[in-house]
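The values are calculated or read from the model by the stated rules, or taken from the named source; none is laboratory data. The model shown is predicted, which means the values in this text are computed figures rather than measured ones. Don't worry about glycine lacking a Cβ; one is built from the backbone with ideal geometry, like all the others, and counts go over all protein chains shown.
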Amino acid sequence: MTARSFAIYGKGGSGKSTIAAALSSCFADMGRRVLHVGCDPKADSSRLLIRHGRIRSVMGAALATDLFDASSVLVQGIKGITCVEAGGPEPGVGCAGRGITRTFELLEELGVSLQSYDVVVYDVLGDVVCGGFATPMKAGYARHVAITASGSTMSLFAANNIMRAVLRFHRNGVRLAGLIGNYHTGETFRDRVPRFAAATGTCLLADIPFDPQVQKAEERRMTICDYRPRGSTARALRALAGGLLEIGSRPPPKPLDEEAFEAFVADERRARGPRGR
């Protein structure tokens, strides 16, 4: 079986790591062999999947010694999920994007076969889609990209930029699965995400309202699906996981140019009137 591969992108703070970890947990519940790859210099994507300690990042191991093997950076988490963290250079030193690129090179050198898994989940920082952070798309590791968005202007701005990268690599077989609406506080901007999806020719994969139980779950180093498995958020995430496994071909996205994006934001403000500002 060819591994299904999904990259979860999104602006920092949009909940991409929370959703990526929850999806990995859901895929494991479905009986899939899962590899969870954290592509963030903070190396904290797998925190909810290992419950204790921190994973030694690939870049951390590489910088510490030339002699290390796959077992030193691949950690088995809950439900048999294999976790790996790219990591990155010390703050202010080097390029985090280059660290991600080098991580994939090192994993290949160590003989890590992605085909030994049924599902691979990449959790990728999306504030800046430089060449390094685009590696899962550019090198063809991730076949489908899902973008988390809270509905704030800057979150949608980042989503639009990520769509540009997906469009660039569409010829490599990369497809935009759609947007995941994920909200942290009130519902002020909740209708913005589906409107933005329509404006850019994509779909809304899931609409996840604010749930205070998510923070409580994270304080206990658990995904919301494991902390409150019968709750509405867990049900929405399980449905999202099932939908992703069934996803087929997708047309290329239609990201907005700068003028069109500003017009979209302005139209939204006008539609809301003084109260929505």
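Quick rundown of the values:
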quantity	calculated
Residue tally, condition of a type in the set (Asp, Glu) and within 17 Å of the chain's Cα centre (by Cα), over region 195-215	1
Whichever residue in region 134-151 is under 30 Å from residue 266 (Cα atoms) and touching a residue at least 40 places away in the same chain (Cβ under 8 Å) and, among such residues, is farthest from the chain's Cα centre (by Cα)	151
Residue in region 109-120 that is under 18 Å from residue 25 (Cα atoms), buried (at least 24 other Cβ atoms within 10 Å of the Cβ) and aromatic (Phe, Trp, Tyr) present	no
Test result for residue 14, crowded, with 17+ Cβ neighbours inside 10 Å and either modelled with pLDDT of 90 or more or of a type in the set (Gly, Ala, Ser) (or both)	yes
In region 233-277, residue modelled with the lowest pLDDT [restricted to those that are among the charged types (D, E, K, R), under 20 Å from residue 191 (Cα atoms) and assigned to a helix (DSSP H, G or I)]	275
All helices (runs of 4 or more DSSP H) inside region 188-232 with 2 or more residues being more than 20 Å from residue 146 (Cα to Cα) and touching a residue at least 24 places away in the same chain (Cβ under 8 Å)	213-219
The lone exception for residue 130 - which of (1) surrounded by fewer than 24 Cβ atoms within 10 Å (Cβ to Cβ); (2) on the phi > 0 side of the Ramachandran plot; (3) in a loop (DSSP other than H, G, I, E, B) it fails	(2)
Positions within region 135-185 being on the phi < 0 side of the Ramachandran plot and of a type in the set (Gly, Ala, Ser), in sequence order	139, 142, 146, 149, 150, 152, 155, 158, 159, 165, 177, 181
Residue in region 104-118 that is of a type in the set (Gly, Ala, Ser), touching a residue at least 24 places away in the same chain (Cβ under 8 Å) and part of a helix (DSSP H, G or I) present	yes
Members of region 184-210 that are at pLDDT below 75 and buried (at least 20 other Cβ atoms within 10 Å of the Cβ)	189
Selection count where residues are surrounded by fewer than 14 Cβ atoms within 10 Å (Cβ to Cβ) and aromatic (Phe, Trp, Tyr), scope region 211-245	0
